[in-house]
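In what follows, a structure is listed as structure tokens, so that the remarks can point back to it.
The values are calculated or read from the model by the stated rules, or taken from the named source; none is laboratory data. Here the structure is a predicted model, which means the values were calculated and not measured. A quick note on method: Cβ atoms are made from the backbone with ideal geometry, for glycine too, and the neighbour counts reach across all protein chains shown.
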Amino acid sequence: MRNLSAFFILFLFFSCDKSVKDVIQPDVLPVLRISTENKVEVTSKEVYQKAFMEIEGENPFKGNIEIRGRGNTTWTYPKKPFKIKLDEKAGLFGLPKAKRWVLLANYLDPSLMLNAVSMKLGQLLNMEYTNHIIPVDLWLNNEFLGNYTLTEQIEVGENRVNIGNDGVLLSLDTILESDDIYFESQNYHLPVQVKHPENFDEISLDEIEEDFNELENSVFNESFPLTDYLNYLDAESVAKYLIVYTLTCNEEINHPKSTYMYKRAGSKFKLGPIWDFDWAFSYEQSQVHYVNPNRSLFWEWDAKGTIFFQRIASDPRIKSLMKSHWQSFRENDFNELLDFIDLYASQIEDSRKADYKKWGRGESSIDLEKEALKNWLILRAKYMDELMISF
């Protein structure tokens with residue numbers, strides 16, 4: 001290992017004031033070792049395997065866990081993502097205590113940085129409940145699996161999406177599993193998965209569907225945008241969400257896939273938390289990252305998510321908010337995002353070399369990936385400058 005100076009990873013804590021704390025991290029990434037009971041392979045997304053986990057580094061941890069596979073398309077790749085559940089709540093890496101955590105493989109991402117950069121963007125925009133991204137070297141049953149990122153499970157909880165037991169967390173996603181609780185919206189036929197509540201003690205599925213359809217009816221109304229839809233939907237969250245997804249060209253919103261919404265009881269729906277950027281940065285266009293920085297976020301054909309979200313994005317009030325937030329971000333925060341890429345790339349450089357040796361993804365040098373990512377973002381930001389002028 002190279003002898004590097006210490007680096008910083010910025011953590012956005014889920015506190016009421018959304019304060020940011022800088023946590024010094026060593027030059028060597030933490031090692032996360034998991035051993036399943038009797039060395040049983042993890043082959044299922046449904047069945048947890050009992051295991052023991054140990055974290056080596058500045059924030060050590062030892063404890064019993066359960067582990068299973070996760071993801072949809074990502075589960076089909078050679079480098080698998082996982083979900084882990086601790087026996088007892090713990091604050092891994094100093095994060096707020098919880099039981100459920102996710103290990104993202106980032107197999108499609110040649111830089112191993114895209115989710116980290118996207119979450120940093122959400123942090124700079126002060127978006128609620130933006131996940132932390134912790135890079136680790138993962139070993140499973142004594143086999144090195146490469147560079148992974150540990151992050152929170154998106155779920156309702158005091159230290160996660162803190163909207164109370166009577167709040168609602170939804171995911172708009174065309175990929176449905178047999179045990180998903182969902183409904184199809186009235187006008188745009190959106191697949192709306194209910195992530196919380198799980199047992200409907202506080203609120204019924206019919207009530208959730210009615211609330212969502214009230215919002216959707218107001219968007220669908222022929223008088224839009226001169227309707228009351230912003231009585232049901234928080235405009236600030238929409239504007240910031242669209243900035244993140246436009247800058248990163250995350251086209252998942254068009255299907256839609258992995259598009260979360262939440263609301264506190266008696267309050268408006270908000271877009272978020274942001275999630276899933278493997279297919280972003282123009283990848284969905286041609287299965288190659290960093291092509292066509294001038295590509296529109298929305299598709300030219302009538303995908304369900306395109307019709308719904310493009311209509312909302314056409315509202316002059318949303319455009320005005322996007323323009324205001326973009327100008328502030330461009331002036332005050334964009335260079336910090338580029339600096340973060342340099343910082344993160346330096347931190348994971350040795351880990352990525354080992355990952356490249358294991359999986360052979362992307363360029364052999366992280367410097368090439370880093371510069372490609374930064375150059376694309378610079379061009380993408382210029383595209384957004386022109387886009388905002390047209391608003």
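Counting the residues of segment 254-268 that are more than 11 Å from the chain's Cα centre (by Cα) and either under 21 Å from residue 153 (Cβ atoms) or in contact (Cβ under 8 Å) with a residue 60 or more places away in the chain (or both) gives 8.
Within segment 109-120, does at least one residue satisfy the condition of being surrounded by 22 or more Cβ atoms within 10 Å (Cβ to Cβ), more than 30 Å from residue 242 (Cα to Cα) and either of a type outside the set (S, T, N, Q) or in contact (Cβ under 8 Å) with a residue 60 or more places away in the chain (or both)? Checked against the condition, which is being surrounded by 22 or more Cβ atoms within 10 Å (Cβ to Cβ), more than 30 Å from residue 242 (Cα to Cα) and either of a type outside the set (S, T, N, Q) or in contact (Cβ under 8 Å) with a residue 60 or more places away in the chain (or both), segment 109-120 yields no hits at all. Residues in segment 116-126 that are more than 12 Å from the chain's Cα centre (by Cα) and not polar (S, T, N, Q): 2 in all. Residue under question is residue 86, and the condition is that it be aliphatic (A, V, I, L, M), under 21 Å from residue 62 (Cβ atoms), more than 13 Å from the chain's Cα centre (by Cα) and crowded, with 21+ Cβ neighbours inside 10 Å; does it hold? Answer is no for this residue.
Out of everything in segment 347-391 that is closer than 18 Å to residue 333 by Cβ and aromatic (Phe, Trp, Tyr), what residue ends up being surrounded by the fewest Cβ atoms within 10 Å (Cβ to Cβ)? My answer is 383. Against the definition (farther than 27 Å from residue 369 by Cβ, in a strand (DSSP E or B), modelled with pLDDT of 95 or more and not aromatic (Phe, Trp, Tyr)), how does residue 138 come out, yes or no? No: the conditions fail for residue 138. Cβ-Cβ contacts under 7 Å between residues 6 or more apart (or on different chains), taken from a first residue in segment 25-47 that is hydroxyl-bearing (Ser, Thr, Tyr) and surrounded by 11 or more Cβ atoms within 10 Å (Cβ to Cβ) to a second residue that is at pLDDT 95 or above and in a loop (DSSP other than H, G, I, E, B), are listed as 35/141; 36/42; 36/141.
Residue pairs whose Cβ atoms lie under 9 Å apart, separated by 6 or more positions or on different chains, with the first residue in segment 53-65 and within 12 Å of residue 136 (Cβ to Cβ) and the second hydroxyl-bearing (Ser, Thr, Tyr), are 53/35; 54/35. Within segment 188-206, being in a helix (DSSP H, G or I) and surrounded by 12 or more Cβ atoms within 10 Å (Cβ to Cβ) holds for one residue alone: 205. For beta carbons closer than 8 Å, sequence separation of 6+ or different chains, a first residue in segment 291-317 that is without any contact (Cβ under 8 Å) to a residue 24 or more places away in the chain and a second that is surrounded by 14 or more Cβ atoms within 10 Å (Cβ to Cβ) and not in a helix (DSSP H, G or I), the qualifying pairs are 291/282; 292/282; 310/298.
Taking segment 265-306 as the range and being among the β-branched types (Val, Ile, Thr) and part of a loop (DSSP other than H, G, I, E, B) as the test, the residues that pass are 274, 288, 291.
Beta carbons closer than 8 Å, at least 6 apart along the sequence or on distinct chains, pair a first residue in segment 347-361 that is on the phi < 0 side of the Ramachandran plot and without any contact (Cβ under 8 Å) to a residue 40 or more places away in the chain with a second that is buried (at least 18 other Cβ atoms within 10 Å of the Cβ) and in a helix (DSSP H, G or I) for 353/366.
A single member of 50, 99, 80 is in contact with a helix residue (DSSP H, G or I) (Cβ under 7 Å, 6 or more places away or on another chain), at pLDDT 95 or above and charged (D, E, K, R), and it is 50. In this structure, residue 309 does satisfy being surrounded by 21 or more Cβ atoms within 10 Å (Cβ to Cβ) and assigned to a helix (DSSP H, G or I). For segment 13-45, the set of residues classified as within 20 Å of residue 153 (Cβ to Cβ) and either modelled with pLDDT of 95 or more or touching a Lys or Arg at 6+ places or on another chain (Cβ under 7 Å) (or both) consists of 13, 14, 30, 32, 34, 36, 42, 44, 45, listed by residue number.
Cβ-Cβ distances below 9 Å connect the following pairs, each with a first residue in segment 155-171 that is more than 7 Å from residue 262 (Cβ to Cβ), a second residue that is part of a loop (DSSP other than H, G, I, E, B) and among the polar types (S, T, N, Q), and a separation of six or more residues or different chains: 156/162; 156/165; 160/153; 171/258. Restricting attention to segment 235-242, does a residue exist that is within 26 Å of residue 153 (Cβ to Cβ), β-branched (Val, Ile, Thr) and part of a loop (DSSP other than H, G, I, E, B)? No, segment 235-242 contains no residue that is within 26 Å of residue 153 (Cβ to Cβ), β-branched (Val, Ile, Thr) and part of a loop (DSSP other than H, G, I, E, B).
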